[in-house]
Amino acid sequence: MDNREYRKAMGKFATGITVITGEFEGAVQGMTVNAFMSVSLNPRLITISIDERASMYEKLQNHNRFGVSVLSEEQKPFSMIFAKQIEKDREIPYEYRDGVPVIKDSLVSLSCSIQNKVKAGDHMLFIAEVTDVQVKEGSPILFYNSEYRNIKEK
């Protein structure tokens, strides 16, 4: 199998869209991540997977806290900005939860503290404990087959 076929196969798994954020050198920075999952309820753990070529990879090696924002369908432009699919054309509204920046009005905002790092191929799995959570109502933006999608109501 070639890499393109493998990517195509993995694209058949629909995911939500998250933006990982942190404060580095006095500025909030982030990246779009769809490789996110809940790991454990006790303790409350999540995992994100970051490509070793991403700038966030190095930043998270040297910091132990980050935020996760699960985006709503109205927040699609934020995903595209952090994925570098479009130029930043608006200010990103942040708020701080437990001292960590997250995107304001996200469906879910998590503050996280890194507990473990596991090298997995060309990625690093950052396993983190959730130290704060905020949940809001709304509909998520999804990623499927290399495209953004919405959930359609029945």
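Treating r as the C-beta distance of Asn64 and Gln85 and R0 as 22 Å, the FRET efficiency rounds to 0.15.
Taking the Cα centre of the chain as origin and assigning +1 to Lys and Arg Cβ atoms and -1 to Asp and Glu Cβ atoms, the resulting dipole is close to 420 debye.
Taking a 23 Å limit on the Cα-Cα distance, which of the listed pairs Lys8/Lys84; Lys59/Lys119; Lys84/Lys136; Lys12/Lys59; Lys59/Lys88 fall beyond it? Long pairs (Cα-Cα over 23 Å): Lys84/Lys136; Lys12/Lys59.
With a sphere of radius 13 Å drawn around the Cβ of Ser55, what net charge do the other residues whose Cβ falls strictly inside it have (Lys, Arg +1; Asp, Glu -1)?
-1
Measuring max minus min along each principal axis, the C-alpha atoms of the chain give extents of 39, 35, 35 Å (largest first).
Working out 0.36 nm times the residue gap between Ser146 and Glu129, then minus their Cα-Cα distance, what length gain in nm do you get to one decimal?
Working: separation 17, 0.36 × 17 = 6.12 nm, distance 2.95 nm.
Result for the pair: 3.2 nm of gain on full extension.
A protection proxy built from the mean count of other Cβ atoms within 10 Å ranks the segments 73-84, 100-111, 52-63, most packed first, as 100-111, 73-84, 52-63.
A short reminder: the numbers here are calculations on the coordinates, not readings from a lab. The structure displayed is predicted, hence computed values, not measured ones. Glycine also receives a Cβ, built like all others from the backbone with ideal geometry; neighbour counts cover every protein chain displayed.
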